Amino acid sequence: SVEPLDYLTDYGWYVICKNDTCGTAGPTWTFTTIPDPNIVNLFCDAFESGTGNWTITNDGGTCVWEIFTPPYPNTYTLPPTATGGVFAADADDCGSGTTVLTTATLTNAIDASIYQTVWLEFDNDWQAIDNADFAYVDVSVDGGTTWLNVLTFDQVDVRNTHEIRDMSTLVALSNFMIRFKSVQPGWD
């Protein structure tokens with residue numbers, strides 16, 4: 001017996017016949033529990049309809065954010081559950097001599113004014129070439145005047161991950177903006 005059951009989880013069972021001459025397992029039955037009704041999705045972008053939700057700012061690089069759809073031009077390593085397009089500022093795709101210094105800021109603020117717990121989830125493939133490459137995930141609760149860092153990627157590759165970041169202490173009970181910033185000074 002498993003109690004309580006977890007939300008959005010697959011469970012299965014089968015019966016094994018036990019007597020003097022039988023030890024055969026019966027068919028397997030499965031079910032999936034419901035998603036947690038207390039979780040509200042405030043914003044989701046699967047990057048299938050372009051960059052319209054984002055304001056792209058080129059801060060001096062020669063390559064900017066774009067959306068890649070399958071088949072991807074580069075070999076991205078994402079979790080098997082990843083769907084949709086890949087939103088990337090990718091110097092490899094732009095080619096030799098490229099630099100990347102670009103920011104993608106969510107155009108419309110997210111209203112979390114009635115939520116005490118807020119987190120960010122996304123699939124990730126960060127592959128740096130050297131110690132000058134960085135990527136940042138930042139939030140702002142004052143319309144973009146100041147930014148607070150949620151996550152920084154540096155020269156250490158972080159590939160094929162599903163990132164979950166609790167941002168409650170930074171954005172709960174407020175309206176907030178989010179931005180992704182990529183710094184790749186040389187072609188990677």
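The values are calculated or read from the model by the stated rules, or taken from the named source; none is laboratory data. A quick note: this is a predicted structure, and the numbers were derived from the prediction, not measured. So basically every Cβ, Gly included, is an ideal-geometry build from the backbone, and we count neighbours across all protein chains shown. Note: areas computed on protein heavy atoms with side chains; ligands, DNA, RNA excluded. Shrake-Rupley method; radii C 1.70, N 1.55, O 1.52, S 1.80 Å.
Summary of values
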item: Charge dipole (the range 103-170, unit charges on Cβ, about Cα centre) - positive-most of N108, F134, V150; result: N108
item: Magnitude of the charge dipole, the range 58-150, Cβ model with Lys/Arg +1 and Asp/Glu -1, debye to 20; result: 120 debye
item: Accessible surface of the range 45-188, 1.4 Å probe, proportion on carbon and sulfur as whole %; result: 50 percent
item: Where GluC sites (Glu not before Pro) fall in DSSP loop in the range 45-147, at most 16 other Cβ within 10 Å; result: E48
item: Cα centroid separation, the range 40-81 to the range 155-187 (Å); result: 13 Å
item: Protection proxy ranking of 157-166, 172-181, 104-113 - average other beta-carbon atoms within 10 Å, highest first; result: 172-181, 104-113, 157-166
item: Average Cα contact separation per residue, the chain, under 8 Å, 6 or more apart, as relative contact order %; result: 22 percent
item: Accessible area in square angstrom per residue, the chain, 1.4 angstrom probe; result: 61 Å²
item: 14 Å cut-off, amide nitrogen to a point 7 angstrom out along D130 Cα→Cβ, residues in the range 76-108; result: 97-100
